[in-house]
Amino acid sequence: MTSILQPLNWLLPAGVHAATTLRFPGSSEREFAGLNLGTHVGDDLLAVEQNRQMLSAALGEAVKPAYINQVHGHDVIELNSDDYQKLCLQAGDANLPSDADALYTQDQNLALVVQVADCLPILLSDKNGQEVAAVHAGWRGLASGVISQALEKFESKSLTAWLGPAIGPCHYQVDSGVYDRFESASAFKSCGDGAHWMMSLETLATEQLIEGGLDEVDIVATNTCTYCHERYFSYRREGQTGRFAALIWMTANKTSEG
Ligand SMILES: [Zn+2]
């Protein structure tokens with residue numbers, strides 16, 4: 001069986017791993033078919049549970065996934081293995097009971113999961129492979145500072161960042177209510193009517209990462225529009241639909257040196 005975990009074109013320190021899921025295969029049906037990982041979208045929760053079990057199986061016994069209730073805000077949960085055990089026992093599964101839009105950890109064997117369908121998934125690692133984060137960034141999250149909140153958690157000032165599949169400027173039309181929230185000129189192209197713009201979440205996120213007070217940040221952007229590519233769920237293309245995942249985790253670095 002081929003893994004449901006899609007490898008990323010992203011150079012990572014030893015011991016750091018990252019992946020996305022795609023729309024298929026999976027247990028969900030109808031508008032959620034098939035690998036919907038979101039419990040909040042109206043899908044049959046039994047099917048979502050089966051899909052999440054597929055993801056857990058692909059990660060293997062040692063690596064535990066952590067899901068959050070994403071609310072388009074800027075809160076970051078700093079997670080460690082002990083808290084994870086307690087919180088997931090309370091919640092009865094791997095969904096943390098608190099609302100947040102980013103996860104950060106220094107612990108191995110915790111897979112930080114963000115769920116998306118047009119919003120931008122951002123994965124972060126320091127260059128020594130000691131700390132990682134996963135961020136859910138739509139326009140509201142970007143406007144409310146979710147990136148700077150996530151960067152503040154890092155002890156290192158030298159990071160690598162991956163910007164995943166999200167709705168692209170080819171399809172993401174917004175009105176002045178969104179446009180006016182940002183200073184960026186390059187993330188918006190006018191539709192010519194003075195009231196609508198085509199927006200690039202990727203450009204905005206890139207600008208915020210560069211302005212984030214780091215000494216060094218490498219940014220790998222996938223430039224992949226979820227609306228254009230049916231292998232991903234897309235909220236704007238389909239309305240009610242599922243969520244795919246981007247995730248990052250650390251394991252013991254098995255490379256032995258001299
Ligand atoms: Zn597109």
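Every number in this text was worked out from the coordinates using simple rules, so none of it is lab data. These numbers come from a predicted model, not from an experiment. For neighbour counting, all protein chains shown are included, and Cβ atoms are generated from backbone atoms with ideal geometry for every residue, glycine included.
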If you take just the strands (runs of 3 or more DSSP E) that sit entirely in region 116-222, which of them hold at least 1 residues that are within 16 Å of the ligand (Cβ to nearest atom), in contact with a strand residue (DSSP E or B) (Cβ under 6 Å, 6 or more places away or on another chain) and among the charged types (D, E, K, R)?
188-190
Do the conditions hold for Asp101, that is, is it surrounded by 16 or more Cβ atoms within 10 Å (Cβ to Cβ) and free of Cβ contacts under 8 Å to residues at least 24 places away in the same chain?
no
Could you list, in sequence order, all residues of region 223-238 that are more than 9 Å from the ligand (Cβ to nearest atom) and of a type in the set (Phe, Trp, Tyr)?
Tyr232, Phe233, Tyr235
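Is it fair to say Val132 is more than 30 Å from Ala33 (Cα to Cα) and surrounded by 16 or more Cβ atoms within 10 Å (Cβ to Cβ)?
Working: more than 30 Å from Ala33 (Cα to Cα): yes; surrounded by 16 or more Cβ atoms within 10 Å (Cβ to Cβ): yes.
Considered against the rule, which asks whether it is more than 30 Å from Ala33 (Cα to Cα) and surrounded by 16 or more Cβ atoms within 10 Å (Cβ to Cβ), Val132 comes out as yes.
Out of the residues in region 181-192 meeting the condition of being more than 18 Å from Ala166 (Cα to Cα) and among the hydroxyl-bearing types (Ser, Thr, Tyr), tell me which one is surrounded by the fewest Cβ atoms within 10 Å (Cβ to Cβ).
Taking region 181-192 and keeping what is more than 18 Å from Ala166 (Cα to Cα), we get 181-185, 190-192.
Now narrow it down to the ones that are among the hydroxyl-bearing types (Ser, Thr, Tyr): 184, 190.
Working: Ser184: 16, Ser190: 11.
Applying the filter and picking the extreme gives Ser190.
Checking the structure you have, find out if any residue of region 193-210 is closer than 18 Å to Leu123 by Cα, out of contact with any Leu (no Cβ under 8 Å at 6 or more places or on another chain) and surrounded by fewer than 16 Cβ atoms within 10 Å (Cβ to Cβ). Show your work before the answer.
Quick first cut of region 193-210, residues closer than 18 Å to Leu123 by Cα only: 200-210.
Restricting the remaining residues to those that are out of contact with any Leu (no Cβ under 8 Å at 6 or more places or on another chain) gives 200, 203, 207, 210.
Checking the rest, the ones that are also surrounded by fewer than 16 Cβ atoms within 10 Å (Cβ to Cβ) come to 210.
Yes; the residues of region 193-210 include at least one that is closer than 18 Å to Leu123 by Cα, out of contact with any Leu (no Cβ under 8 Å at 6 or more places or on another chain) and surrounded by fewer than 16 Cβ atoms within 10 Å (Cβ to Cβ).
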